[in-house]
Amino acid sequence: MDNADYVDVALRIANADLSSLDAVRAAVHDEPWWADRLAEPDLPVLRGVADGLRRTLDALVTNDGEAALAEINALLSAHPPRPRLSSHGGHHGIPNWHLHVAGPDAPAVDEVAAAAAWGLAQGVVQHGTTRWGRCEADGCDTYYLDTSTNQAKRFCSPRCANRMHVAAFRARRRT
């Protein structure tokens, strides 16, 4: 994984429905190594991580850098990454060099928690504190990272943007 992937893990966990093991597995489906190993007892830990991620993202969205700093450091302290260089997954004898945030014997929940904490920290390092947002679509509270050139993103996805634009268009036509 690279740092962008870890940022994605943080956002997926923050935005995930963590009410059941199936929902958690769906949130980390891109990493079957984690999804297949997560178990019911891991849910309270992941819910706590998600709460910390949301507090951090709320602080970033409201431009409270000090609170974001404190929350990220609390997450990193509670779920410290233990970086490990790996080369698996290469092709034709060429290794795929990358970092993991936990050892090969670490429980999946530890790796997911560390990856989310590390990802949010790396996201702030790479993108600063002003590119984080929360979807403005009615009924959507999804957090996102705005990597657009002009930093004008207001919605988490084209689906939410289109839904709101269509609703605004229809409202204008009614008047």
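The values are calculated or read from the model by the stated rules, or taken from the named source; none is laboratory data. In this text, all values refer to a predicted model and were calculated from it rather than measured experimentally. Ideal geometry is used to build each Cβ from the backbone, glycine not excepted, and the neighbour counts take in all protein chains shown. Ligands, DNA and RNA are excluded from the accessible area calculation, which covers all protein heavy atoms including side chains. Shrake-Rupley method; radii C 1.70, N 1.55, O 1.52, S 1.80 Å.
In contact with a Gly (Cβ under 9 Å, 6 or more places away or on another chain), surrounded by fewer than 11 Cβ atoms within 10 Å (Cβ to Cβ) and of a type outside the set (Val, Ile, Thr): is that true of Asn96 in this structure? Steps first, please.
Values: in contact with a Gly (Cβ under 9 Å, 6 or more places away or on another chain): yes; surrounded by fewer than 11 Cβ atoms within 10 Å (Cβ to Cβ): yes; of a type outside the set (Val, Ile, Thr): yes.
So Asn96 fits the description; yes.
In the set Ala137, Ala113, which member is open to solvent by less than 50 Å² (accessible area, probe 1.4 Å) and over 30 Å from Ala39 (Cα atoms)?
On the way: Ala113 fails: over 30 Å from Ala39 (Cα atoms).
Answer to the check: Ala137.
Could you identify the single residue in Leu18, Leu69 that is at pLDDT 95 or above and within 16 Å of Ala121 (Cβ to Cβ)?
When all the criteria are applied, what remains is Leu69.
Please list, ordered by first then second residue, the pairs with beta carbon atoms under 7 Å, 6 or more apart or interchain, first in region 148-175 and farther than 18 Å from Val61 by Cα, second surrounded by 12 or more Cβ atoms within 10 Å (Cβ to Cβ) and of a type outside the set (Lys, Arg).
Cys160/Cys135; Cys160/Ala137; Cys160/Cys140; Ala161/Phe155; Arg163/Ala137; Met164/Ala137; Met164/Phe155
Within the set of pairs 6+ apart or on separate chains, which have a first residue in region 61-85 that is free of Cβ contacts under 8 Å to residues at least 40 places away in the same chain and under 29 Å from Phe155 (Cβ atoms), a second that is outside any loop (DSSP other than H, G, I, E, B) and among the hydroxyl-bearing types (Ser, Thr, Tyr), and C-beta atoms under 7 Å apart?
Note: pairs meeting the criteria are Glu71/Thr56.
For Ala167, indicate whether it is assigned to a helix (DSSP H, G or I) and more than 16 Å from the chain's Cα centre (by Cα).
yes
Being assigned to a helix (DSSP H, G or I) and exposed (fewer than 14 other Cβ atoms within 10 Å of the Cβ) is the filter here, so list the residues in region 6-34 that pass it.
Narrowing region 6-34 to residues assigned to a helix (DSSP H, G or I): 6-15, 21-27, 32-34.
Result: Asp22, Ala23, Ala26, Pro32, Trp33.
Yes/no per residue for (1) farther than 23 Å from Ala16 by Cβ; (2) open to solvent by 100 Å² or more (accessible area, probe 1.4 Å); (3) of a type outside the set (D, E, K, R):
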position	(1), (2), (3)
Thr130	yes, no, yes
Gly133	no, no, yes
Thr142	no, no, yes
Thr147	no, no, yes
Arg154	no, yes, no
Arg163	no, yes, no
Ala168	yes, no, yes
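Do we have Gly52 as outside any loop (DSSP other than H, G, I, E, B) and closer than 22 Å to Cys156 by Cβ here? First the steps, then the outcome.
Working: outside any loop (DSSP other than H, G, I, E, B): yes; closer than 22 Å to Cys156 by Cβ: yes.
Spelling it out, Gly52 is indeed outside any loop (DSSP other than H, G, I, E, B) and closer than 22 Å to Cys156 by Cβ.
Could you identify the single residue in Arg37, Arg54 that is charged (D, E, K, R), open to solvent by 60 Å² or more (accessible area, probe 1.4 Å) and under 21 Å from Trp132 (Cα atoms)?
Working: Arg37 fails: under 21 Å from Trp132 (Cα atoms).
Only one candidate passes the filter, namely Arg54.
Which of the residues belonging to region 115-154 are among the charged types (D, E, K, R) and within 15 Å of the chain's Cα centre (by Cα)? Talk me through it step by step, then tell me what you get.
Here is the first cut: in region 115-154, the residues among the charged types (D, E, K, R) are 131, 134, 136, 138, 141, 146, 153-154.
Arg131, Arg134, Asp141, Asp146, listed by residue number.
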